[in-house]
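Colleague: I'd like to ask you about the structure that follows.
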Amino acid sequence: MHKISKLAVLTSGGDAPGMNPCIRAVVRTAIYNNLEVVGVRQGYKGLIENDMYDMAPRSVSNILSLGGTILKTARCLEFRTDEGMETAYKNLKAKGIDALVVIGGDGTFTGALRFSRKYPDIAVMGVPGTIDNDLCGTTYTLGFDTATNTVIEAIDKIRDTADAHDRLFFIEVMGRDSGAIALRAGISCGAEAILLPEKETAISDLIDGLKNGHTNKKSSSIVIVAEGDKNGGVYDIAKRVEHEVKHYDIKVTILGHLQRGGSPSSFDRILGSRLGFAAVNALIAGETQKMVGLEANHIVLTSLEKALNQQEFRLESDLLLMADILSI
Ligand code: F6P
C-alpha cells in the first residue's frame, strides 16, 4: 500500500467551471491530514518544466466562485513522450512528491494512466473535470452543469429573436466527441432538432422535420449541432437545409469558448468540493490509478482504464427518445 506524505495537484486539458472549488478541497483536505501540497502550473507542462509551488490553506482563499483554474491548464504533447514523462517523474521525485491528483478529461486521464503504469511509486488519482461529461464512472463531470446552464441562457436569448423574426437558427455547441451538452440544452430549450456525434441524423430527415414544424405552425426553429456531429459542420448543414427550407430566414451561431467560462454553479461547487475531498481521502487510503466520481449521489472509485472506456459510455436513452417526441 502507498503511504503518502506529499501530493501535487494539477489541472489539464480544457478548463471547466468547478476546477477551483476542487483545487481548494484538495489543498485543504491534504493539509488537514498533515500532508504537504504542491500546485503544478499548466498541467503536465508544469511537471516537465518544474513549475510548481507549495500551497497552504490561504493559497486557495476566495476561489470558489471563480471560473477557469488558478493553476492554469494546457494540452501538453511532450508528456506523451517517454522523455517527457521521465523528466516529469524526476522533477516529482526531487521534490519528494509521492502522489498526484489530476483534474481533467479523457486526454488527462490517458496521460495519467500511462505515467502511473510506468512509475507506479507515484500514486495517481483522477478527478473528472470537463464540460463534455463523457467519462464512465461518474454521472456528472465537473463543469458540465455550469456549461449547460450557460448554453441554455444563450439559446433562450436566441429563441427570443428567432421568434420575433420567424427565423431558423443553427447553433453549434461544444463537444468534440460528445453530445452531452447539445442533448441537455436541446431538451431544456425545446430545440426542434439536436445533432449529435453519438447518433446519425440524415439531413433529409432534418429537412422533413423542419418542414413539418412549419406546417404545424411553428414560428421559429432551433437546431442544435454538437461540434463533433458528423454531417460536415454547422455552416455546411445550414447551407444544405437552406436550399430546401424556403419559409425561414436562416442564421448560424457558434457559441464557442464562452461555454467554458463563468462562475461555477452551486452544483459544480459542491461536486468539485466533494470530488477533491474524496480524491485525497482515496490516496490516503492507498488507492491509485483510479478516478473519483459521483454515481446515484454517492462517491465511487473507478479504475482510470474503465473511466476511459468509450464503449461503455452512453448518452441517456430516455433523453434521446424524449428529445424527438417533445419537439413535435
Ligand atoms: O474541454 C473539452 C472541449 O471543450 C471540447 O468540447 C472542445 O472541442 C474542446 O474542448 C475545445 O478545446 P480548445 O480550447 O483546445 O479549443
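Colleague: Taking 0.36 nm per residue of separation and subtracting the Cα-Cα distance, what length does fully extending S61 through N231 add?
Modeller: Working: separation 170, 0.36 × 170 = 61.20 nm, distance 4.56 nm.
So the chain would gain 56.6 nm between S61 and N231.
Colleague: Need one number: nm distance between label points at L258 and D177, each 7 Å from Cα along Cα→Cβ, rounded to one decimal.
Modeller: With each label placed 7 Å out from Cα toward Cβ, I get 2.9 nm.
Colleague: Relative to the Cα centre, what is the charge dipole magnitude of the range 146-260, using +1 at the beta carbon of each Lys and Arg, -1 at the beta carbon of each Asp and Glu, and rounding to the nearest 20 debye?
Modeller: Values: 15 positive and 18 negative charges, 23 e Å.
The calculation lands at about 120 debye.
Colleague: Could you please state, rounded to a whole Å, how far the C-alpha centre of the range 116-157 is from the C-alpha centre of the range 43-70?
Modeller: 18 Å
Colleague: Taking loop as defined by DSSP and a crowding limit of 15 other beta carbons within 10 Å, which GluC sites (Glu not before Pro) in the range 299-328 fit?
Modeller: Numbers: sites: E305, E312, E316; in loops: E312, E316.
Those that pass, being in a loop and sparsely packed, are E312, E316.
Colleague: State the Cα centre-to-centre distance between the range 166-197 and the range 211-287 in whole Å.
Modeller: Computed from Cα coordinates, the inter-centre distance equals 5 Å.
Colleague: Leaving out same-chain residues fewer than 8 places away, which aspartates and glutamates sit with a Cα under 18 Å from that of K217?
Modeller: List returned: D160, D163, D166, E192, D208, E244, D249, D324.
Colleague: With a cut-off of at most 15 other beta carbons within 10 Å, and DSSP calling the residue loop, which GluC sites (Glu not before Pro) in the range 214-245 qualify? Please list them. Before the final figure, lay out each step's value.
Modeller: Values: sites: E227, E242, E244; in loops: E227, E244.
Those that pass, being in a loop and sparsely packed, are E244.
Colleague: Then there is this: Please report the antiparallel percentage of DSSP beta bridges with both residues in the range 132-227, rounded to the nearest 5.
Modeller: Values: 1 of 10 bridges.
Looking only at bridges with both residues in the range 132-227, the antiparallel portion is about 10 percent.
Colleague: Also: Grab the Cα-Cα distance for N297 and E78, subtract it from 0.36 nm times how many residues apart they are, and report the gain in nm with one decimal.
Modeller: Numbers: separation 219, 0.36 × 219 = 78.84 nm, distance 3.68 nm.
In short, 75.2 nm is gained.
Colleague: K90: which lysines have alpha carbons under 27 Å from its alpha carbon, excluding same-chain residues fewer than 8 sequence positions away?
Modeller: Filter leaves K3, K6, K45, K72, K118, K290.
Colleague: Show which aspartates and glutamates lie in cross-link reach of K95 when reach means a straight Cα distance below 15 angstrom and same-chain residues fewer than eight apart are skipped.
Modeller: E36, E49, D51, D54, E86, D121
Colleague: Output the peptides 217-226, 95-104, 123-132 sorted from most to least packed, where packing is the average of other Cβ atoms within 10 Å over each peptide's residues.
Modeller: Numbers: 217-226: 22.1, 95-104: 24.3, 123-132: 28.9.
Taking the mean over residues of other Cβ atoms within 10 Å, the ranking is 123-132, 95-104, 217-226.
Colleague: Based on DSSP, what percent of beta bridges with both residues in the chain are antiparallel, to the nearest 5? Spell out each step's value before the answer.
Modeller: Working: 11 of 44 bridges.
In the chain, approximately 25 percent of DSSP beta bridges are antiparallel ones.
Colleague: If one takes the longest principal axis of the Cα atoms in the chain, at what angle in degrees, from 0 to 90 and to the nearest 10, does the Cα axis of helix 203-215 lie?
Modeller: Tilt of helix 203-215: around 60 degrees.
Colleague: At most 16 other Cβ atoms within 10 Å and a DSSP loop assignment: could you name the trypsin sites (Lys or Arg not before Pro) in the range 222-276 that fit? Could you put the intermediate results ahead of the total?
Modeller: Numbers: sites: K230, K239, R240, K246, K251, R260, R269, R274; in loops: K230, K246.
Filter output for the range 222-276: K230, K246.
Colleague: OK, next. Residues of the range 248-272 with the amide nitrogen closer than 14 Å to a label point 7 Å from the Cα of K211, along Cα-to-Cβ, please.
Modeller: Label zone hits: 248.
No lab work stands behind these numbers, since they all come straight from the coordinates. Everything numeric here is computed off the predicted structure, so don't read it as measured data. A quick note on method: Cβ atoms are made from the backbone with ideal geometry, for glycine too, and the neighbour counts reach across all protein chains shown.
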